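The values are calculated or read from the model by the stated rules, or taken from the named source; none is laboratory data. From a predicted model like this one, the values you see are computed outputs, not experimental measurements. Note that we place each Cβ from the backbone using ideal geometry, even for glycine, and neighbour counts take in every protein chain shown.
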Amino acid sequence: MTERASYYFDSYHERWSLRHVFHKRRIDSLAQLVPTPARVLDAGCGSGVLCRLLADRGCTVTGVDREPARVAWCRLLVPEGEFSSGDVRSCQLGTTYDAVICAEVLEHLGATDRQVALHNLAGHLRAGAILVVTVPSATYIRLEPAWERIRAWQYGSEGHDDEAHHEIVAPAQLEAGLLASGCDVARAGSACWGLIRWWVARKR
């Protein structure tokens, strides 16, 4: 089933649902990792909720997503931002940023493509800038069959986040990939009761 372009926006702003609690906590935690004001690239910007939050805090935001419908939605939600269709492995925007964010994207890629993506995203950072990466924890991915049942119970046949291909990304593997991309890990932690792992790495 295809996820609607506004999925994360709707989940973030609706009330009294499990997905609202999860996605609001996840996105708010992620926003706190980005210094403001800054020039920010959100690689895999989805429904643009994070871009809207950062723009409201004085950031200049750029977003890339491979789904044209999401790009069109983001342009409506954040008209002052710049949004385009592209793949995190190959997009070339011709500029550098103070921060690049790649949230819940890399788990959809195999190990080789994941490293290609990290190299490409690091290439969009100025020296001293930060790369913020998040992935679902191993626990989250192992519980995916339960998430599917919960979503079907709460939302029926409504479209939701694509769970067709998630790989467990080992923390040590991701940290090695960041180092190989020219970024030193500055901080690491978790959000959403340990279900989301995050890293902040600084470009050498």
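Of all residues in the stretch 77-102, those that are loosely packed, with under 15 Cβ neighbours inside 10 Å have Cβ atoms under 7 Å from Cβ atoms of residues that are in a loop (DSSP other than H, G, I, E, B), 6 or more apart or on another chain, in S85/R66.
Flag not set for T62, criterion: polar (S, T, N, Q) and in a loop (DSSP other than H, G, I, E, B). Scanning the stretch 1-37 for residues that are outside any helix (DSSP H, G or I), in contact with a helix residue (DSSP H, G or I) (Cβ under 8 Å, 6 or more places away or on another chain) and crowded, with 17+ Cβ neighbours inside 10 Å returns A5, S6, V34. Looking only at residues in the stretch 94-120 that are in a helix (DSSP H, G or I) and among the charged types (D, E, K, R), the one that is farthest from V169 (Cα to Cα) is D113. Note on the stretch 149-202: among residues that are modelled with pLDDT under 95 and of a type in the set (G, A, S), the one that is nearest to S6 (Cα to Cα) is G159. When the stretch 121-153 is filtered for residues that are in a helix (DSSP H, G or I) and within 19 Å of L174 (Cα to Cα), the ones remaining, listed by number, are L121, A122, A138, T139, Y140, I141, R142.
Total residues in the stretch 64-96 satisfying the condition of being among the aliphatic types (A, V, I, L, M) and in contact with a helix residue (DSSP H, G or I) (Cβ under 9 Å, 6 or more places away or on another chain): the figure is 4.
Note on the stretch 34-69: residues that are without any contact (Cβ under 8 Å) to a residue 60 or more places away in the chain, over 12 Å from Y8 (Cβ atoms) and among the charged types (D, E, K, R) total 3.
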